[in-house]
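What follows is a short report on a single structure.
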Amino acid sequence: ADARIWVEVAKTDESSIPTEDKKEVTKEAEKIMGENPMITYFDADLFKQVEGEDKTQIHEPGIDIQVTILIPDELLNHDRTMVREYKIIRLHYDAVTGESKVDVLSGDFDRGTGEFSFKTDKFSTFAIAYTDIQLVTGITLTADSATLTGSGETVQLTAIVAPDNAVNKNVIWTSSDPNVAT
């Protein structure tokens, strides 16, 4: 028989999600993304249709299925001094218990295509959680130069990393000639 299987993805009206479930999604997003992550909800529904029959929605196919979504332009980072990290959080309602469960799904973002790929074995409501990481834009030293005249002399240099809110301010000091200076 002729059979089709497909996924339909659509932005979710956030007002349709119970407040308690949104709180759980936010709590999980904050655990992995830090304070104030941005969250956008969407539905991903899996369907099948066998020749001559109506389409049927499948909530739990029993296997992992890879889904690739195009991140909407308004959720893409266009600031070269920042890196945007994305995570997928699944909000799934158990048909037997009626309770909701929140899971973080691993995935990969392709900056070139703007696509995010993840695997899921349940189809329901998802959230794209994202946060921006400030990159270092410059490093300056407290002194441009120093003159040492004798063996064993030292000079204290301090690196100032810009901007102040850069996430990784670690500086690794090296010498181009360890026989002269370390």
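The values are calculated or read from the model by the stated rules, or taken from the named source; none is laboratory data. Predicted model, so just to flag it, every value in this text is computed and none were measured. Cβ sites come from the backbone with ideal geometry, for glycine too, and all protein chains shown count toward neighbours. Surface areas here come from the heavy atoms of the whole protein model, side chains and all, with no ligands, DNA or RNA. Shrake-Rupley method; radii C 1.70, N 1.55, O 1.52, S 1.80 Å.
Which numbered condition in (1) under 33 Å from the mean Cα position of the chain (by Cα); (2) open to solvent by less than 80 Å² (accessible area, probe 1.4 Å) is the only one that I172 fails?
(2)
Which residue out of D13, D43 is of a type outside the set (A, V, I, L, M) and open to solvent by 70 Å² or more (accessible area, probe 1.4 Å)?
It is D13.
When you go through (1) of a type in the set (A, V, I, L, M); (2) in contact with a Ser or Thr (Cβ under 6 Å, 6 or more places away or on another chain); (3) surrounded by 15 or more Cβ atoms within 10 Å (Cβ to Cβ) one by one for I160, which number turns out not to apply?
(3)
Taking the criterion of being open to solvent by less than 50 Å² (accessible area, probe 1.4 Å) and either more than 15 Å from the chain's Cα centre (by Cα) or free of Cβ contacts under 8 Å to residues at least 12 places away in the same chain (or both), would at least one residue in the stretch 140-156 satisfy it?
At the first step, the residues of the stretch 140-156 found to be open to solvent by less than 50 Å² (accessible area, probe 1.4 Å) are 143, 150.
Going one step further and asking which of them are either more than 15 Å from the chain's Cα centre (by Cα) or free of Cβ contacts under 8 Å to residues at least 12 places away in the same chain (or both), we end up with 143, 150.
Within the stretch 140-156 (the criterion being open to solvent by less than 50 Å² (accessible area, probe 1.4 Å) and either more than 15 Å from the chain's Cα centre (by Cα) or free of Cβ contacts under 8 Å to residues at least 12 places away in the same chain (or both)), the answer is yes, since at least one residue qualifies.
Within the stretch 94-120, which residues are under 19 Å from L75 (Cβ atoms) and among the basic types (K, R)?
R111
Of the residues that sit in the stretch 46-57 and are open to solvent by 40 Å² or more (accessible area, probe 1.4 Å) and in contact with an Asp or Glu (Cβ under 7 Å, 6 or more places away or on another chain), which one is nearest to T113 (Cα to Cα)?
First, pick out the residues of the stretch 46-57 that are open to solvent by 40 Å² or more (accessible area, probe 1.4 Å): 48-57.
Pick out the ones that are also in contact with an Asp or Glu (Cβ under 7 Å, 6 or more places away or on another chain) and you get 51, 57.
Numbers: E51: 35, Q57: 29 Å.
Filtering first and then ranking leaves Q57.
Do we have any residue at all in the stretch 87-104 that's within 11 Å of the chain's Cα centre (by Cα), over 24 Å from T19 (Cβ atoms) and either at pLDDT 90 or above or open to solvent by 30 Å² or more (accessible area, probe 1.4 Å) (or both)?
No, the stretch 87-104 contains no residue that is within 11 Å of the chain's Cα centre (by Cα), over 24 Å from T19 (Cβ atoms) and either at pLDDT 90 or above or open to solvent by 30 Å² or more (accessible area, probe 1.4 Å) (or both).
For the list (1) open to solvent by 50 Å² or more (accessible area, probe 1.4 Å); (2) within 19 Å of the chain's Cα centre (by Cα), I need the number of the one condition that Y130 fails.
Every listed condition holds for Y130 apart from (1).
Answer yes if at least one residue in the stretch 18-26 is exposed (fewer than 11 other Cβ atoms within 10 Å of the Cβ), in contact (Cβ under 8 Å) with a residue 12 or more places away in the chain, more than 14 Å from the chain's Cα centre (by Cα) and closer than 20 Å to D121 by Cβ, and no otherwise.
Scanning the stretch 18-26, I find no residue that is exposed (fewer than 11 other Cβ atoms within 10 Å of the Cβ), in contact (Cβ under 8 Å) with a residue 12 or more places away in the chain, more than 14 Å from the chain's Cα centre (by Cα) and closer than 20 Å to D121 by Cβ, so the answer is no.
Out of the residues in the stretch 58-74 meeting the condition of being part of a strand (DSSP E or B) and touching a residue at least 60 places away in the same chain (Cβ under 8 Å), tell me which one is most open to solvent (accessible area, probe 1.4 Å).
So the first thing to find is which residues in the stretch 58-74 are part of a strand (DSSP E or B), and the list is 58, 65-70.
Still in the running and touching a residue at least 60 places away in the same chain (Cβ under 8 Å): 58, 67, 69.
Working: I58: 40, V67: 9, I69: 15 Å².
Going through the qualifying residues, I end up with I58.
Only residues in the stretch 159-170 that are under 11 Å from T137 (Cβ atoms) and among the β-branched types (V, I, T) count as the first member; pair them with residues that are modelled with pLDDT of 85 or more and open to solvent by 40 Å² or more (accessible area, probe 1.4 Å), Cβ under 7 angstrom, at least 6 apart or cross-chain, and list the lot.
Within 7 Å, the pairs are V161/V136; V161/I139; V161/V171.
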